[in-house]
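Remarks on the structure that follows.
Nothing in this text is a laboratory measurement; each read-out follows from the coordinates by a stated rule. Keep in mind that this is a model prediction, so the values were computed, not measured. Cβ placement follows ideal geometry from the backbone for every residue including glycine, while neighbour counts extend to all protein chains displayed.
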Amino acid sequence: MAVREIRLFGDPVLKSVCDPVKVFDERLAQLAQDLLDTTTQISGRAGVAANQIGVGLRGFSWNVDGKSGVIFNPVVVEVRGEKHLVQEGCLSVPGLWHVTPRHEYARVTGVDAEGKPITLEGTGLMAQALQHECDHLDGLLYLDRLEPEERKLAMRNLRDQPWFMK
């Protein structure tokens, strides 16, 4: 039960595809609690993927519109609506916000920390968070989704961040 340190851009774990969860035990329950604490105990966090705290397993927590939880082995099963440009940031790329194309609706299926099936869905911030966190588990950052000119700007801005390792 702890707020865990967030891994930053450049850490190889962020670019690695996460492994599916196969064992549902006390260690996974602890990971679930750490993910939830890391998301909910600091305001402004809509979600945290396991690899953002250095764990290469498919799971993330969310905290949107007063509802929070954890999902493991999530799969995006449906997206709807035109992709629209939204301001997006990431805890692993602190200080930067860029317009990112995201679908208006997303639905994700997976399991909870006990292995019971769950479905998450939503529009707006929830749809954005579901797409963003599932991308993390596939080794993608929101920067990878940017349009070419916006990506160039983001990379230029990234190099100017005080935390960026040069």
How many lysine pairs does the chain hold where the Cα atoms are under 27 Å apart and the two sit 8 or more places apart or on different chains? 9
Using the Kyte-Doolittle scale, which helices in the chain average at least -1.0 and also have C-alpha atoms spread 15 Å or more along the helix axis, with helices defined as whole DSSP H runs? 26-40, 124-137
Once residue 138 and residue 80 are pulled to full extension, the length gained, defined as 0.36 nm per residue separation minus their Cα-Cα distance, is 18.9 nm
Set the Förster radius R0 to 22 Å, insert the Cβ-Cβ distance between residue 25 and residue 2 as r into 1/(1 + (r/R0)^6), and round the FRET efficiency to 0.05. 0.75
Over the chain, what relative contact order in percent results from Cα pairs under 8 Å that are six or more residues apart? 23 percent
For the chain, the longest site-free run once GluC sites (Glu not before Pro) in DSSP loop states with at most 14 other Cβ atoms within 10 Å are removed: 6-113
For the chain, calculated [θ]222 nm from helices alone, where every DSSP H run of n ≥ 4 adds -39500 (n - 2.57): -8000 deg cm²/dmol
Compute the distance from the alpha-carbon center of the range 137-160 to that of the range 1-34, in whole Å. 23 Å
For the modelled label position 7 Å from the Cα of residue 40 along Cα-to-Cβ, which residues of the range 1-19 have backbone nitrogen atoms closer than 16 Å? 1-4
Which loop trypsin sites (Lys or Arg not before Pro) in the range 1-64, with loop taken from DSSP, have no more than 11 other Cβ atoms within 10 angstrom of their Cβ? 22
How large is the dipole of the chain about the Cα centre if only Lys and Arg carry +1 and Asp and Glu carry -1, each at its Cβ, rounded to the nearest 20 debye? 340 debye
What residue among 132, 84, 103 has the largest mean-square fluctuation in a Gaussian network model of the chain, using Cα springs under 10 Å? 84
Based on DSSP loop calls and a cut-off of at most 16 other Cβ atoms within 10 Å, the longest stretch of the chain free of exposed chymotrypsin sites (Phe, Trp or Tyr not before Pro) is what? 25-162
Select one label from (i) 1.10; (ii) 0.99; (iii) 1.62: the one whose number is Cα Rg over 2.2 N^0.38 Å as derived from the coordinates shown. (ii)
Note on the range 12-159, DSSP bridge orientation, antiparallel percent to nearest 5 equals 95 percent
